[in-house]
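Input: a single structure, listed below in structure tokens.
The values are calculated or read from the model by the stated rules, or taken from the named source; none is laboratory data. Everything numeric here is computed off the predicted structure, so don't read it as measured data. Heads up, the Cβs are rebuilt from the backbone with ideal geometry, glycines too, and the neighbour counts pull from every protein chain shown. For the accessible areas, the whole protein counts, side chains as well, though only heavy atoms, and no ligand, DNA or RNA atoms are used. Shrake-Rupley method; radii C 1.70, N 1.55, O 1.52, S 1.80 Å.
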Amino acid sequence: MSDCLFCKIAAGEVPSGKVYEDERVYAFRDIDPQAPVHFLVIPKEHIGSCGEITPDNAHVVASCFTAIAQATREMGVTDFRVVSNCGAKAGQSVPHLHFHVLAGRDMSWPPG
Ligand code: 5GP
Ligand code: ZN
């Protein structure tokens, strides 16, 4: 999608701190980290949110979670939280599917 920030980041048109990349997935450090480790994992294909997953595009979710496992393993991170906000009321501010990966501090539950 031409005016989507995360599509531009995945395409390298907007600079970011890459932590992982393969043919389907791009991962990069969050610009406003909420934990000592905080990166975002996105499909290169534009999907608006978790609410737009279908049988036809669901394979990208598996690719994102494979990327999360590989990136955390490479960082030596064993305890982490994965979050995907879906919709403005749930805290989504960028309308391109993304998974937050947070680590490096104790996490509280439930989230706010
Ligand atoms: P959301 O609020 O949609 O769940 O998550 C969007 C995340 O994207 C936020 O944590 C925000 O800090 C991050 N973000 C927004 N713009 C940029 C950017 O230009 N670069 C990077 N690296 N992160 C961004
Ligand atoms: Zn996009």
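The single residue among Lys18, Lys8 that is within 15 Å of ligand 2 (Cβ to nearest atom), modelled with pLDDT of 95 or more and at negative phi turns out to be Lys8. Quick one: is Phe28 touching a Ser or Thr at 6+ places or on another chain (Cβ under 7 Å) and within 14 Å of ligand 1 (Cβ to nearest atom)? Against the criterion (touching a Ser or Thr at 6+ places or on another chain (Cβ under 7 Å) and within 14 Å of ligand 1 (Cβ to nearest atom)), Phe28 qualifies. Checking segment 102-111 against the condition returns no match, with no residue being over 13 Å from the mean Cα position of the chain (by Cα), under 21 Å from Pro33 (Cβ atoms), part of a helix (DSSP H, G or I) and more than 16 Å from ligand 2 (Cβ to nearest atom). Among residues of segment 4-24 that are closer than 16 Å to Val94 by Cα, those with a beta-carbon under 6 Å from a residue that is of a type in the set (A, V, I, L, M) and loosely packed, with under 13 Cβ neighbours inside 10 Å at least six positions away or on a different chain give the pairs Lys8/Val14. Could you list, in sequence order, all residues of segment 63-104 that are loosely packed, with under 13 Cβ neighbours inside 10 Å and either among the aromatic types (Phe, Trp, Tyr) or away from ligand 1 (no atom under 15 Å from the Cβ) (or both)? Within segment 63-104, Ala69, Arg73, Glu74, Gly76, Thr78, Asp79 meet the criteria. The requirement of being open to solvent by 20 Å² or more (accessible area, probe 1.4 Å), closer than 29 Å to Gly112 by Cβ, under 11 Å from the mean Cα position of the chain (by Cα) and modelled with pLDDT of 95 or more is fulfilled nowhere in segment 37-47; no residue meets it.
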